[in-house]
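Here the structure comes first, spelled out in structure tokens, and everything after it is commentary.
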Amino acid sequence: MKKVLLEVKQHLLTAISYMLPLVVASGLLIAIGNLMGGQVVTKMSQLTIPSAFTSLGVLGMGLLPSFIAGYISYSIADRPGIAPGFLMGQIASFLGAGFLGGIIGGFVSGYIAKAIIKYVKVPKWAEALMPMMIVPTLTAAIGGLLMYFVLGGPITYITGGLHDFITGLDQSQKALYGFVIGAIGCIDYGGAISKVPNLICDGLLLEGITGPEGIKVLAAMVPPFGVTFALLISKVIKKRIYTDQEVDAIKVAFPMGVCMISEGVIPIAMNDLIRTVISTSIGCGVCGMISFMFGNGSPVPSGGVFVIPAMSKPLVAVAALLIGSLVTGVLLVVLKKRLTEEEARNNVFTDEEEEVDLSSIQLS
Amino acid sequence: MKIVAVAACTSGIAHTYIAKEKLIRAAEALGHTIHVETQGTIGTEDALTEQEIKDADVVILAVDIAITGMERFEGKRTVKVPTSLVVKAPKQIIQKIESELQKS
């Protein structure tokens, strides 16, 4: 069972890894276009440069369900899975359930394709036709019928329910969910755990709900901003908490953070994992809470501080980001041990390891 | 031991390369030779050569996602670990692999 879950996770993560550049590029195009006053246009005669950006970005977002489905399917069935997977994504868009539909469609087509490759035996002369014709066509046919007639209903029902649930949240519920989404979304600084809530936020954006996406974008910047604040505060109150090497790492992490890449914090967090994760998670939670509670949303899934002007309430966004980061910074300064000058200079990133459970590792 | 490894994480910009560094440092500290290929968002870098794979005693796949070129490792002893674990405990992983290899 555990093995199946791990496999499912790997397929999802693979799809996300292919999807991310699309989301980032499309999101930024929408943001740039919107900021210059662009709109989505459908006729050549209406085209202006800003509208071209916005329209292209929206087209790109429209590809998302297909990317998700296509690359989940690829992860399961290798190359023959891609084409039918993309088709399942198109069905998902048609159903108006882009995101969930894309995920389910990807698994459906992936496993069908894999089964066909494994069980359908063809005569030698037809072997070359397998990856080119038989697998994609048969998979698309079976998967398509399944998606349209069997799964389509439940998928749209669930998506609708989720939509109503999120839009029906009251103020205090929003605060709670905002905190949770923010905190989990940064818990491993862009690693595998954080991708789950972030994926849900992207999915909701596809359904036109921007609130959670706002949390995601802002909270992702809190860890790098937070450690920077911690460094500044610690300098002001003269409590040395970071080694010289960590200070250098923070100088790299901050500009990365401005672009919404939290990963720069990893080397700093690694040296003092528990205290850092506690501080950043609370800060991210506070940031998410403020953003969601006061109705801020982001129509753009990525881009860091550059997309704040495109958010629905930029001032709330700035406040959420700064307060969340400040909370992280203060917590770090309070929680972390004071370093002596000598420790601060000599400490290199350690090669010491904690004991970990390696029983799941197997040679094959 | 002669080790070849592939590192690949979800976003393909950070964990992939941290895992690579950790593996190289741990392997060298333990006296093994290692070659690490990365499959990040930028694409494949430091691709393993056929000879390196042929000579290797074991293939470490530090991957969270599906990678390309798996067919190269057919018939080799392989071990798959998530990048997060490699970042946390590269030495322990290599030691464990070494002892498993000696057992069989």
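The values are calculated or read from the model by the stated rules, or taken from the named source; none is laboratory data. As the structure is a prediction and not an experimental result, all values here were calculated from the model. FYI the Cβ positions are ideal-geometry reconstructions off the backbone, even for glycines, and counts take in every protein chain you see. Calculation scope for accessible area: heavy atoms of the full protein, side chains included, ligands and nucleic acids excluded. Shrake-Rupley method; radii C 1.70, N 1.55, O 1.52, S 1.80 Å.
Annotations for the structure displayed:
- Taking a span of 27 Å or more along the helix axis (Cα atoms) and a mean Kyte-Doolittle hydropathy of at least -0.5 as the rule, the DSSP H helices of chain A that qualify are A:2-35, A:98-119, A:211-236, A:273-293, A:314-335.
- Zone of B:Lys88's modelled label, taken as backbone nitrogen in segment A:194-222 under 18 Å from a point 7 Å along Cα→Cβ: A:194-196
- Using a probe of 1.4 Å, the accessible surface attributed to B:Arg72 totals some 80 Å² when neighbouring protein chains are kept in position.
- Contact order, relative form, for chain B: 34 percent (alpha carbon pairs under 8 Å, 6 or more residues apart, mean separation divided by residue count).
- Mean-position separation - Cα centroids, segment A:82-102 and segment A:239-290, in angstrom: 37 Å
- Look at the stretch B:73-86: the mean tally of other chain Cβ atoms within 10 Å of its residues' Cβ atoms is 3.
- Heavy-atom accessible surface of segment A:239-299: percent carbon and sulfur, 1.4 Å: 74 percent
- Accessible area per residue was computed with a 1.4 Å probe on protein heavy atoms; A:Met256 scores about 60 Å².
- Heavy atoms of A:Ser360: accessible area, 1.4 Å probe, square angstrom to 10: 80 Å²
- Taking 0.36 nm per residue of separation and subtracting the Cα-Cα distance, full extension of the segment from A:Lys2 to A:His163 would add 54.9 nm.
- The calculated FRET efficiency for A:Val236 paired with B:Gln95, based on their beta-carbon distance and R0 = 56 Å, is about 0.80.
- Residues in segment B:7-48 reached by a label modelled at A:Val356 [backbone nitrogen below 15 Å; 7 Å Cα→Cβ]: B:7-10, B:15-27
- For segment A:2-167: rounded, prolate or oblate by the Cα gyration tensor [a/c cutoff 1.5]: prolate
- Where B meets A: accessible area buried, both sides, 1.4 Å probe, Å²: 2600 Å²
- Sequence of A:Thr42, A:Thr167, B:Thr49 when ordered by accessible area, the most exposed leading, probe 1.4 angstrom: A:Thr42, A:Thr167, B:Thr49
- Spin-label model, A:Thr42/B:Ala29: points 7 Å from Cα along the beta carbon direction are separated by 6.2 nm.
- 10 Å Cβ neighbours from other chains, averaged over peptide B:55-65: 3
- Across chain A: Cys residues that no other cysteine approaches within a C-beta distance under 4.7 Å: A:Cys201, A:Cys259, A:Cys287
- Shape call, segment A:152-269: gyration tensor on alpha carbons, a/c limit 1.5: prolate
- Placing unit charges on the Cβ atoms only, positive for Lys and Arg and negative for Asp and Glu, gives the protein assembly as shown a dipole magnitude near 560 debye about its Cα centre.
- Accessible area ranking (1.4 Å probe, heavy atoms, ligands and nucleic acids excluded), largest first, for A:Glu127, A:Glu355, A:Glu263: A:Glu355, A:Glu127, A:Glu263.
- Using a simple spin-label model with pseudo-atoms 7 Å out from Cα toward Cβ, A:Leu322 and A:Ala141 lie 6.3 nm apart.
- For A:12-18, mean number of other protein chain Cβ atoms within 10 Å: 6
- Calculated FRET efficiency for the pair A:Val196/A:Gln171, C-beta based, R₀ 35 Å, to 0.05: 0.85
- Under the shape rule built on the C-alpha gyration tensor, where the axes satisfy a ≥ b ≥ c, the protein assembly as shown is oblate, since a/c reaches at least 1.5 while a/b does not exceed b/c.
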